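Since the structure comes first, as structure tokens, the remarks are kept for the end.
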Amino acid sequence: MRVAIIGLGEVGRCYAKPLHEAGFELTLCEAWPSAAASELAAQWGLPIHDKPGAWLASAQWVLSCVTGAQALAVVEQVVPHLAADTSLADFTTASPEVKRRAAQHAAEHGMRYVDTAIMGAISLNWVRTPLLASGDGAEDLKTLLEKAGGRVQAIPGGKAGDAISLKILRSVFTKGMEALSVELLTSAEKQGVRDKLYEQLSDIDRTPLRSFIDMLVRTHVVHAKRRAHEVHDAQGELAAQGLPSLVLPGVEQRFRDTAAKLEHNPLNAADPSVDQALQWLLATNTQQA
């Protein structure tokens, strides 16, 4: 199996080494090789190409490990040099829309494109860092990388753009929780009630995460007005402790925005399902736009 790696930064080097050790035939490309990249290539006696070219013709897989800003350009540059049955895995952080455009460009030339999202810190876990893959060829990429010790979850029926979308959405959740947790525990610690707080939150542990977040959305479109006042009061309490919140002003605005929309576009369901709540939220956002 012949694999071309475009980009020899941390990600490219991370996969080059185990693939080489697993017996794959590599070709390498980097416009500005670092000392680490040059040393690695020298160990294997491999040249580092400075741009895509005819040398790509024999590649069966191309791993694009450049920055998100270069993602589409790299696909456009390599496609003319590839055989029609070549597969391309895009490891970049490009947006879902860019990855969809890249996939379409590849498909127009008879090539498979796999949107590959890195779901952890490469510097900590290297080849064992979890990957999420979507698009035509995702299962084959999983097979390829697992031979080198990789960890890949292929999304059944997933399209290009789905993997990076899920990575971004996960970040929305985890980074939002992180910011809120910083404010929550700082206040609890200052008041000397942190251990008691964990006890008061323990009921959440007994609820599956999906059920919990669905419940929040379902009840949000019913109780937004009341909850906006509660959030406002909570901000006042944190400010009085000398710990003004940076998170809660946005939370309050979200509740007030929903409350205002409910006044003009009532939701005709006293106990909406999560599907009804989401459809109403999407519809009212579209109307506002």
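The values are calculated or read from the model by the stated rules, or taken from the named source; none is laboratory data. This structure is a prediction, so every number in the text was calculated from the model and none was measured. With ideal geometry, Cβ positions are generated from the backbone for all residues, glycine too; neighbour counts draw on all protein chains shown. Note: accessible area is taken over every heavy atom of the protein model, side chains too, but ligands, DNA and RNA are not part of it. Shrake-Rupley method; radii C 1.70, N 1.55, O 1.52, S 1.80 Å.
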| query | Non-local amide H neighbours of LEU243 (under 5 Å, H modeled in plane, Pro and chain starts lacking H): which ones? | reply | none
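Need one number for the range 1-149: average projected area of the convex hull over its C-alpha atoms, nm².
Numbers: hull surface 30.6 nm².
Projected area, direction-averaged: 7.7 nm².
With charges set only on the Cβ (+1 for Lys and Arg, -1 for Asp and Glu), what does the dipole of the range 162-283 come to about its Cα centre, in debye to the nearest 20? Mind dumping the intermediate values first?
On the way: 15 positive and 17 negative charges, 42 e Å.
With Lys and Arg at +1 and Asp and Glu at -1, about 200 debye.
Can you tell me the length gained on complete extension of the stretch ILE204 to SER123, counting 0.36 nm per residue apart and subtracting the Cα distance?
Details: separation 81, 0.36 × 81 = 29.16 nm, distance 3.26 nm.
Gain on extension, ILE204 to SER123, equals 25.9 nm.
So for the range 124-227, considering every pair of alpha-carbon atoms, how many percent are separated by more than 22 Å?
Working: 3023 of 5356 pairs.
Result: 56 percent of Cα pairs exceed 22 Å.
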| Using θ = phi - 60° and the Karplus curve 6.51 cos²θ - 1.76 cosθ + 1.60, what whole-Hz ³J(HN,Hα) does each residue of the range 108-122 get, with Gly and Pro shown as x? | 4, 10, x, 10, 8, 10, 10, 6, 10, 9, 7, 9, x, 8, 4
| Toward the positive end of the charge dipole of the chain, about the Cα centre and with charges on Cβ (Lys, Arg +1; Asp, Glu -1), which of LEU180, LEU72, ILE6 goes farthest? | LEU180
| message | If the only charges are +1 at each Lys and Arg Cβ and -1 at each Asp and Glu Cβ, what is the size of the charge dipole of the chain around the Cα centre, to the nearest 20 debye? | response | 120
| task | Please turn the phi angles of the range 221-230 into ³J(HN,Hα) values with the Karplus equation 6.51 cos²θ - 1.76 cosθ + 1.60 (θ = phi - 60°), one per residue in order, whole Hz, x for glycine and proline. | result | 7, 9, 10, 4, 5, 5, 5, 4, 5, 5
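Output the pairs from LYS99/LYS142; LYS167/LYS196; LYS99/LYS147; LYS147/LYS167; LYS51/LYS99; LYS17/LYS51 with a Cα-Cα distance over 28 Å in this structure; if there are none, say none.
Numbers: LYS99/LYS142 19 Å; LYS167/LYS196 33 Å; LYS99/LYS147 26 Å; LYS147/LYS167 24 Å; LYS51/LYS99 21 Å; LYS17/LYS51 21 Å.
Checking Cα-Cα distances, LYS167/LYS196 exceed 28 Å.
For ALA239 and SER273 in the same chain, what is the full-extension length gain: residue separation times 0.36 nm, less their Cα-Cα distance, in nm?
Details: separation 34, 0.36 × 34 = 12.24 nm, distance 3.58 nm.
Between ALA239 and SER273, full extension yields 8.7 nm more.
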| message | List residues of the range 220-250, by number, whose backbone nitrogen lies under 19 Å from a label position 7 Å along Cα→C-beta of THR186. | response | 231-250
| remark: Expected vector for the range 184-195, Karplus 3J(HN,Hα) from phi with 6.51, -1.76, 1.60 and θ = phi - 60°, integer Hz, x for Gly and Pro, equals 4, 6, 4, 5, 4, 5, 4, 8, x, 10, 4, 4
| note | Listed by chain and number, the residues whose amide H is under 5 Å from that of ALA4, excluding neighbours fewer than 5 places away on the same chain and using placed H, are THR27, GLN60, TRP61, VAL62, LEU63
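Share of antiparallel DSSP beta bridges in the range 1-76, in percent to the nearest 5? Each step should come with its number before you reach the end.
Working: 0 of 11 bridges.
Expressed as a percentage, antiparallel bridges in the range 1-76 total about 0.
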| message | Given points 7 Å out from each Cα along the Cα-Cβ axis, report the ALA36 to SER95 separation in nanometres with one decimal. | response | 2.9
| Using the beta-carbon distance between ALA84 and HIS264 and R0 = 51 Å, what value does 1/(1 + (r/R0)^6) give for FRET efficiency, to the nearest 0.05? | 0.40
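Test of understanding: given the chain, find the longest segment containing no trypsin sites (Lys or Arg not before Pro) that are in a DSSP loop and have at most 16 other Cβ atoms within 10 Å. Show your work: numbers first, answer last.
Values: sites that count: LYS147, ARG206.
Longest stretch, sites excluded: 1-146.
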| request: Rounded to the nearest Å, what's the spacing between the alpha carbon centres of the range 20-34 and the range 48-113? Just the number, please. | output: 16
| message | Just to be sure I understand the curve: with the Debye formula and one point per C-alpha of the range 55-121, what is log10 I(q)/I(0) at q = 0.16, 0.24 Å⁻¹? | response | -0.45, -0.99
| request: Go ahead and collect, in residue order, the members of the range 172-195 whose backbone nitrogen is under 19 Å from a label point 7 Å along the Cα-Cβ direction of MET215. | output: 177
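Could you look at the range 1-129 and say what percent of its accessible area is carbon and sulfur, using a 1.4 Å probe and all protein chains? Don't skip to the answer; put the middle values down first.
Values: 3070 of 5780 Å².
For the range 1-129, the apolar C and S fraction of the accessible surface comes to 53 percent.
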| note | Percent antiparallel among DSSP beta bridges confined to the chain, rounded to 5, stands at 15
| Surface/4 of the Cα convex hull for the chain, nm² | 19.5
| Put +1 on the Cβ of every Lys and Arg and -1 on every Asp and Glu Cβ in the chain; which of TRP280, ALA133, SER58 then has its Cα farthest towards the positive end of the dipole? | TRP280
